[in-house]
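First comes the structure, then the notes that go with it.
We did not get these values from a lab; they are worked out from the coordinates using the rules stated. Keep in mind it's a predicted model, so treat the numbers as computed, not measured. Every residue, glycine as well, gets a Cβ built from its backbone with ideal geometry; the counts of neighbours run over all protein chains shown.
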Amino acid sequence: MSVFKLWLCDIREGIFKNKRYTIVPFICIFECMYAHMSINSYQLYYDVHSRPTFLALWAEIFHGCDPITKNPDPNLKIELPYFWIAIFIFAIFIGFDYMHNDLTQFGIQVLSRTRKRSRWWISKCFWCLSSGIYFYIIFLLTAIVFSIINGYDLTLSGSTELLNIIADRSVIYTFTGISELNIFQELWMLFSPMLVICTFNMIQMILCLFIKPMYGYLLIVGILILGILTDIPLAFSRCGMITFSDYFFEDGYHISIELAICLILIMASILIGTLYFKKYDILPDKE
């Protein structure tokens, strides 16, 4: 079997038949409702009369928080971004055990037919990235429908006044604000959380070659929380906090560095898995 046919099989079995995806729209609606209430309160407090944009809603959903370990005032409490955490935890959970389950069940028969382990692994890598993209598309489309119903401006190049208000909530970084967004900035704010999800999915899958899926999942959650605790470059989960970049803050995370880190981790996961899986003993897992 070719990589493409294996990938289509994984799409069918690991995505279209995965009932966990049915929960995604409900999570998104809940996130949108909470963000919508926050935006309404900002408009009232700051006397903003411009029509809110979809990007403002998106920024509120994926706002995140300051790194807790850099809190300048011990008496000041930095609130954990529970709703932000929930999105990524569930996005990773959806397919965290598919590769391992497939390898110990039907995947063994597929491996015997393909005769090339590299094809099987590459197809799983394609599935893993597709899984993150599919989750994000469902989440994004649900948010767009919510925005249409609630009268948001769907153009990405609308007023940045509300966007700056949403971003300017840091007690650590120096806020510079943004007067207008170019196309790259808009696309980054729209799709950077998807990049984080795909990176986590790839790391989770490679971990399943060494440890049990649940242990790997808990380790990934720990890496996710690292982005809440600190802002070191390796804490790439901060890419999913779209208003804490150097677009809005003088000392925010550098987009080019975080983008490179995510892409390197994805490519490294593919390469390491390809090399390691050639010698991976699947028989003990079958028992």
(Q) Please go through the range 116-144 and give me each residue that is under 13 Å from Ile15 (Cβ atoms), touching a residue at least 12 places away in the same chain (Cβ under 8 Å) and within 15 Å of the chain's Cα centre (by Cα), ordered by number. (A) Cys128, Leu129, Ser130, Ser131, Gly132, Ile133, Tyr134, Phe135, Tyr136, Ile138
**Q.** Of the criteria (1) loosely packed, with under 13 Cβ neighbours inside 10 Å; (2) within 26 Å of Ile220 (Cβ to Cβ), which one Pro74 fails
**A.** (2)
Q: Residue by residue through the range 220-234, note down the ones that are part of a loop (DSSP other than H, G, I, E, B) and touching a residue at least 60 places away in the same chain (Cβ under 8 Å).
A: Thr230, Asp231
Q) Do we find a residue being on the phi > 0 side of the Ramachandran plot, part of a loop (DSSP other than H, G, I, E, B) and loosely packed, with under 13 Cβ neighbours inside 10 Å anywhere in the range 61-68? A) no
Q) Of the numbered conditions (1) in a helix (DSSP H, G or I); (2) over 18 Å from Ile92 (Cβ atoms); (3) basic (Lys, Arg), Lys279 satisfies every one except a single condition; which is it? A) (1)
Q: Could you please find all residues in the range 14-27 being surrounded by fewer than 16 Cβ atoms within 10 Å (Cβ to Cβ) and assigned to a helix (DSSP H, G or I)?
A: Phe16, Lys19, Arg20, Thr22, Ile23, Phe26
(Q) Can you say whether Phe4 is over 25 Å from Val171 (Cα atoms), surrounded by fewer than 13 Cβ atoms within 10 Å (Cβ to Cβ), aromatic (Phe, Trp, Tyr) and within 18 Å of the chain's Cα centre (by Cα), as far as the supplied structure shows? (A) no
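So that you can scan it fast, the table gives a plain yes or no per residue for (1) in contact with an Asp or Glu (Cβ under 7 Å, 6 or more places away or on another chain); (2) in contact (Cβ under 8 Å) with a residue 12 or more places away in the chain; (3) in a helix (DSSP H, G or I):
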site	(1), (2), (3)
Asn164	no, yes, yes
Gln185	no, yes, yes
Trp188	no, yes, yes
Leu195	no, yes, yes
Ile203	no, yes, yes
Ile211	no, no, no
Leu218	no, no, yes
Tyr247	no, yes, no
Ala260	no, no, yes
Q.
Need pairs with beta-carbon distance below 8 Å; first residue under 19 Å from Trp7 (Cβ atoms) and within the range 87-101, second assigned to a loop (DSSP other than H, G, I, E, B) and polar (S, T, N, Q); sequence gap 6+ or separate chains.
A. Ile94/Asn18; Gly95/Asn18; Tyr98/Asn18
Q. Can you spot a residue in the range 36-54 that is within 30 Å of Leu234 (Cβ to Cβ), crowded, with 17+ Cβ neighbours inside 10 Å and of a type outside the set (Ser, Thr, Tyr)?
A. no
Q. Give me the pairs: first residue in the range 30-58 and free of Cβ contacts under 8 Å to residues at least 12 places away in the same chain and over 23 Å from Tyr82 (Cα atoms), second residue surrounded by 12 or more Cβ atoms within 10 Å (Cβ to Cβ) and of a type in the set (S, T, N, Q), beta-carbon distance under 9 Å, and six or more apart or on different chains, which are they?
A. His49/Gln43
